[in-house]
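K.L.:
Just dropping this structure here.
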Amino acid sequence: MTAEEKPQKLPVLCIVGPTATGKSDLGIEVALSAGGEVLSADSMQVYRQMNIGTAKISKDEMQGVPHHLIDLVDPDVAFSVADWTEQADEAILRLHAQGKLPIVVGGTGLYIRAITEDLDFAEQPELRAIRDKWQAFLAEHGPKSLHDELAKRDEQRALMLHPNDTRRVIRALEVVEGTGRLMSSDYDWGQQGGRYHTVLIGLTMPREDLYERINLRVDRMVEQGLYDEVRTLLELGYGEDLASMQAIGYKEMVRAVRGEISLPDAVLEIQQATRRFAKRQLSWFRRDQRIDWLTVDKTRGVAQADKVRIFDLARGLRQELIQQTENRGNV
């Protein structure tokens, strides 16, 4: 097969950016305009029964647009980026076969990176042994001592992690000991391109406006019943040591449910942690030079002119998909 005969990569549109910028709303509008369906790229929305704190949109809010990669596992089931990538590939191939444009929407940077690049998530046996060692250390000495061990080896990464976030603490120790590389060191942003023709749209807004929207979103979560959601999860036996329960909003509210802090203090902690998270998300995505950034107004959302441009782009990608699919069928 010559270079000219080599099949072109089928398209995928990605809408990325920090939390509370309106990615979900734009994804639905694009899907309705261009004949697409949405794939969630949110590492917490994969968990069932965790709805309010993960800001899952309701069936009504979906406006009839099918959403994929939501509610995949129970909160006590381990779910890795490799698991997500496998299911994302299956959904994308299925949509391609149906002539529908896959629209990947979310703020989990590594999930997006798994779509735009061919990352290798193969398990390394030597790292498994290191992980087992630190899990045994955790069982004997507790989360604070585990966190202290990470601080000795990668202080910057330790500062980014709560001592109770034991899964990520162990992962950082695993990387340091197994590879000699600090997780806080610069990520390899080399862009080789992946198995799809990915087009990336990023949403951002002035920091003060973003922080205001984050604070309002957390207030709304509390009004919708975040406290009761967390209490119910605990009553069902989902302990605070689970990776899912270490998510922002859940670990703080666990302390409120247990009476360790007041509800107002929990809300303030969630707002602060979410603002910090949004800053990290933006730093991650800003390094990808392929992203076409749109500035969102805090009240009006994405400008109409920008929407029209994105709709046209998405319709063009879907037409490209249909044409390529037809060409392959004629080979």
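Read-outs: derived from the displayed coordinates by stated rules, not from any lab. Quantities reported herein were computed from a predicted structural model and do not represent experimental measurements. Here Cβ is always computed from backbone atoms with ideal geometry, including for glycine, and neighbour counts include all displayed protein chains.
K.L.:
With angles folded into 0 to 90 degrees, how steeply does helix 166-179 sit against the dominant principal axis of the chain? Use alpha carbons for both and round to 10.
P.N.:
Taking the Cα atoms of the chain, the angle to 166-179 is about 80 degrees.
K.L.:
What is the Cα centroid distance between the range 45-80 and the range 226-264, reported in whole angstrom?
P.N.:
Centre-to-centre distance over Cα atoms comes out at 18 Å.
K.L.:
For the range 187-331, what is one quarter of the convex hull surface built on the Cα atoms, given in nm²? Spell out each step's value before the answer.
P.N.:
Details: hull surface 52.6 nm².
Averaged projected area of the range 187-331's Cα convex hull equals 13.2 nm².
K.L.:
In µm²/s, what is D for the chain at 20 °C and 1.002 mPa s, where D = kT/(6 pi eta Rh) by Stokes-Einstein and Rh is the Kirkwood radius from Cα pairs?
P.N.:
Working: Rh = 21.3 Å.
Estimated diffusion coefficient is 101 µm²/s.
K.L.:
So, one more: Suppose we flag chymotrypsin sites (Phe, Trp or Tyr not before Pro) only when DSSP calls them loop and at most 12 other Cβ atoms lie within 10 Å. Which is the longest uninterrupted stretch of the chain? Present the calculation step by step, with values, prior to reporting the outcome.
P.N.:
Values: sites that count: Y187, W189.
Of all site-free stretches, the longest is 1-186.
K.L.:
If you don't mind, there's one more thing I want to ask. If you fit an axis through the alpha-carbon atoms of helix 226-235 and take the longest principal axis of the Cα set of the chain, what angle between them do you get, 0 to 90°, nearest 10?
P.N.:
It works out to around 70 degrees.
K.L.:
Let me ask another. Could you work out [θ]222 nm for the chain from helices alone, using -39500 (n - 2.57) per DSSP H run of at least four and dividing by all its residues? Round to the nearest 500 deg cm²/dmol. Show your work: numbers first, answer last.
P.N.:
Numbers: 13 runs with 176 residues, N = 331.
Rounded to the nearest 500, the figure is -17000 deg cm²/dmol.
K.L.:
For the charge dipole of the chain, defined by +1 on Lys and Arg C-beta atoms and -1 on Asp and Glu C-beta atoms about the Cα centroid, which residue among A266, L119, G107 has the Cα displaced farthest towards the positive pole?
P.N.:
Projecting each Cα onto the dipole axis, the largest value belongs to G107.
K.L.:
Where nothing but the Cβ of Lys and Arg (+1) and of Asp and Glu (-1) is charged, how large is the charge dipole of the chain around its Cα centre, in debye to the nearest 20? Display every interim value, and only then the final one.
P.N.:
Working: 43 positive and 52 negative charges, 135 e Å.
Approximately 640 debye in magnitude.
K.L.:
Right, next: Through the Karplus equation 6.51 cos²θ - 1.76 cosθ + 1.60, θ set to phi - 60°, convert the phi angles of the range 99-116 into ³J(HN,Hα) values in whole Hz; use x for Gly and Pro.
P.N.:
x, 10, 7, x, 10, 8, 10, x, x, 7, x, 5, 5, 4, 4, 5, 7, 7
K.L.:
Let me know the shape class of the range 33-140, please: from the alpha-carbon gyration tensor, a ≥ b ≥ c as square roots of the eigenvalues, rounded when a/c is under 1.5, otherwise prolate if a/b is greater than b/c, or oblate.
P.N.:
Values: a/c = 3.06, a/b = 1.63, b/c = 1.87.
Because a/c hits 1.5 or more and a/b fails to exceed b/c, the range 33-140 counts as oblate.
K.L.:
To continue, here is another question. Out of residues 5 or more away from L10 or on other chains, whose amide H comes under 5 Å of its own, with H placed 1.01 Å from N in the peptide plane?
P.N.:
Those lying under 5 Å, H to H, from L10 are H197.
K.L.:
Let me ask another. Which of rounded, prolate or oblate describes the range 206-252 when judged by the alpha-carbon gyration tensor and an a/c cut-off of 1.5?
P.N.:
Working: a/c = 5.52, a/b = 1.98, b/c = 2.79.
Cα axes put the range 206-252 in the oblate bin.
K.L.:
I need the phi-derived Karplus couplings for the range 135-147: 6.51 cos²θ - 1.76 cosθ + 1.60, θ = phi - 60°, integer Hz, Gly and Pro marked x.
P.N.:
Along the range 135-147, the couplings run 5, 5, 4, 4, 4, 8, 10, x, x, 5, 5, 4, 4 Hz.
K.L.:
How do 100-107, 321-328 rank on mean C-beta neighbours within 10 Å, highest first?
P.N.:
Details: 100-107: 25.0, 321-328: 14.1.
Top of the packing list down: 100-107, 321-328.
K.L.:
Output ³J(HN,Hα) for the range 70-81: one whole-Hz value per residue in order, computed from phi by the Karplus curve 6.51 cos²θ - 1.76 cosθ + 1.60 with θ = phi - 60°, and x for Gly and Pro.
P.N.:
Per-residue couplings from phi come out as 10, 6, 8, 9, 6, x, 9, 9, 5, 9, 9, 5 Hz.
K.L.:
Counting just the Cα atoms, what span does the range 125-179 cover along each of its three principal axes? Round to the nearest Å and put the largest first.
P.N.:
The Cα atoms of the range 125-179 stretch 28, 24, 16 Å along the principal axes, largest first.
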